[in-house]
1. In degrees from 0 to 90, rounded to the nearest 10, what is the angle of the helix 179-189 Cα long axis to the longest principal axis of the chain?
2. Which of these, 162, 121, 82, has the largest mean-square fluctuation under a Gaussian network model of the chain (Cα springs below 10 Å)?
3. So if I place +1 on the C-beta of Lys and Arg and -1 on the C-beta of Asp and Glu, and nothing else carries charge, what would the dipole magnitude of region 117-209 be about its Cα centre? I want it in debye, nearest 20.
4. Looking at region 66-152, I'd like the Rg to Rh ratio, where Rg is from alpha-carbon atoms and Rh is Kirkwood's inverse mean 1/r.
5. Please state the charge dipole magnitude for the chain, taken about the Cα centre, from unit charges on C-beta atoms (+1 on K and R, -1 on D and E), reported in debye and rounded to the nearest 20.
6. Go ahead and set up a Gaussian network model of the chain, Cα springs under 10 Å, then flag whichever of 158, 99, 120 fluctuates most.
7. Lys/Arg Cβ at +1, Asp/Glu Cβ at -1, dipole of the chain taken about the Cα centre: which of 168, 136, 108 is farthest positive-ward?
8. On C-alpha positions alone, give me the angle between the axis of helix 67-90 and the longest principal axis of the chain, in degrees, nearest 10.
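The values are calculated or read from the model by the stated rules, or taken from the named source; none is laboratory data. Source: prediction; values computed, not measured. Using ideal geometry, Cβ is built from the backbone for each residue, glycine included, and neighbour counts are taken over all protein chains shown. Keep in mind that these areas ignore ligands, DNA and RNA; they rest on the heavy atoms of the full protein, side chains included. Shrake-Rupley method; radii C 1.70, N 1.55, O 1.52, S 1.80 Å.
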Amino acid sequence: MGAVRFLSRKGRRRGRRADPLGSGPHPTDVEAAARRFLLLGVLPLWVVPGLADWWMHRRTGIERTSGTKESAVHAVMMTEAGVPVVIGLLARVNPLVLTTMGAAAVAHGATALYDVSLATGEREIRPVEQHIHSFLEVLPLTALAFTACLHPDEVRSTLRGGPRPQDWRLLPKERPLPAAYLAGLAGVIGLGVVAPYAEELRRCLRARAKG
């Protein structure tokens with residue numbers, strides 16, 4: 001029995017080393033899988049429809065039509081999506097973080113609606129681009145849903161109004177995510193989102209300067 005307990009403890013330690021993205025000292029298989037899907041699937045793949053949307057803007061000549069106005073709205077939407085992502089990656093999930101994520105998701109949806117109404121009549125919005133927008137609109141809600149499922153106690157605390165003092169403070173994670181993962185995700189977002197949309201805004205500003 002002693003040997004079995006030793007091997008069991010050894011296996012758990014090996015599992016923790018193999019899954020640095022796991023939550024807590026003894027994450028369940030479902031919890032670990034959900035966390036990996038959120039961190040290694042949902043967040044990095046968010047770049048794909050964002051990059052596709054940028055390409056559709058380029059194909060339909062955004063700099064010659066809706067121009068800087070629409071491109072600036074895209075920057076606002078990136079901020080609405082980026083701020084809760086950064087907070088969720090670095091801070092301990094509590095009612096403040098969950099409330100921020102929820103408010104940002106609602107604001108992102110409202111801004112996306114304004115974006116489409118602004119572009120309609122100014123440039124061609126093809127069916128493919130409309131389908132891309134559906135992915136971009138649902139992904140913030142998907143990330144919020146996964147985060148809520150992984151932190152049910154904090155969701156209940158949020159619904160009760162956050163009675164604890166630490167509920168409304170930004171606190172560092174007890175188990176920070178690996179620096180290599182954070183650096184890799186930052187690189188993916190920088191190359192796949194920030195750089196293309198900065199190029200779009202620069203293109204629009206240059207076209208406006210030329211009249």
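1. Its long axis makes an angle of about 20 degrees.
2. Fluctuation is largest for 121.
3. Dipole magnitude for region 117-209 comes out near 260 debye.
4. 1.04
5. For this selection, approximately 1020 debye.
6. Of 158, 99, 120, the most mobile in the Gaussian network model is 120.
7. Of the listed residues, the answer is 168.
8. That helix lies at roughly 10 degrees to the long axis.
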